[in-house]
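The structure under discussion appears below in the form of structure tokens.
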Amino acid sequence: MKRYVLDANIFLRLLIKDEEKTFHHCLQLSEAIKTNKLKAVTTSVILAEIAWTLRSFYGLSRSEITEALYSIITISGLRIIDEYEHHLTLKLYALHGVKYVDALIASIKQVQQGEWIVVSYDKDFDRLDVVRQEPAEVLKLK
């Protein structure tokens, strides 16, 4: 079974619900993880990025952010990992002009080897020579 690395924007679409179609795709993805139809991971850095975005962009309170992050870390079937190749991260960051967090995700050994697929709406991953899919692709939706 393939494993997927969920990027911050997947969780943010679930939390903010700003676009109906992508919200439902992300909700279906979350349900597939909860029912063990998909294996997924995320990272502490992604959780930090979510917290920062919720505070700085959406103006949520500390208690609202805590509740949001708790709803993520308690998703049944979702593991949180922190297994980066820091030298590779810096190389990717310098060469490709992407966000540092994206370079961190791309540096995970299993992502580099194509064993894990990054699930994200962020097309910057396409410049990092990793496999990226959007939730609709993972779920094979039209």
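The values are calculated or read from the model by the stated rules, or taken from the named source; none is laboratory data. All of these numbers come straight from a predicted model, not from anything done at the bench. Positions of Cβ are backbone-derived with ideal geometry, glycine not excepted, and every protein chain shown enters the neighbour counts.
Quick notes
- Scanning segment 1-25 for residues that are assigned to a strand (DSSP E or B) and surrounded by fewer than 21 Cβ atoms within 10 Å (Cβ to Cβ) yields one hit, 3.
- Matching residues in segment 71-92 - criterion: being within 26 Å of residue 1 (Cα to Cα) and touching a helix residue (DSSP H, G or I) at 6+ places or on another chain (Cβ under 8 Å): 71, 72, 73, 75, 76, 77, 78, 80, 82, 83, 84, 85
- Number of residues in segment 116-139 that are in a helix (DSSP H, G or I) and out of contact with any Phe, Trp or Tyr (no Cβ under 8 Å at 6 or more places or on another chain): the value is 10.
- Answer residue from segment 46-76, given it is surrounded by 16 or more Cβ atoms within 10 Å (Cβ to Cβ) and not aliphatic (A, V, I, L, M) and is farthest from residue 111 (Cα to Cα) among those: 53
- Identity of the residue in segment 85-115, touching a strand residue (DSSP E or B) at 6+ places or on another chain (Cβ under 8 Å) and outside any helix (DSSP H, G or I), that ends up surrounded by the fewest Cβ atoms within 10 Å (Cβ to Cβ): 115
- Count of segment 26-45 residues which are of a type in the set (Ser, Thr, Tyr) and surrounded by fewer than 21 Cβ atoms within 10 Å (Cβ to Cβ): 2
- Being without any contact (Cβ under 8 Å) to a residue 40 or more places away in the chain, in contact with a strand residue (DSSP E or B) (Cβ under 8 Å, 6 or more places away or on another chain), within 22 Å of residue 113 (Cα to Cα) and of a type in the set (Val, Ile, Thr) is a property that residue 80 has.
- Among the residues here, residue 49 qualifies as closer than 13 Å to residue 6 by Cα and among the charged types (D, E, K, R).
- Complete set of residues in segment 123-132 that are within 12 Å of residue 7 (Cβ to Cβ), surrounded by fewer than 19 Cβ atoms within 10 Å (Cβ to Cβ) and in contact (Cβ under 8 Å) with a residue 24 or more places away in the chain: 124
- Taking the criterion of being free of Cβ contacts under 8 Å to residues at least 12 places away in the same chain and closer than 26 Å to residue 31 by Cβ, the residues of segment 56-71 that qualify are 60, 64, 66, 67, 70.
- Residue pairs whose Cβ atoms lie under 8 Å apart, sitting 6 or more positions apart in sequence or on different chains, and linking a residue in segment 27-48 that is part of a loop (DSSP other than H, G, I, E, B) to a partner that is of a type outside the set (Lys, Arg) and at pLDDT 95 or above, are 35/77; 36/77; 38/4; 38/29; 38/32; 38/77; 38/138.
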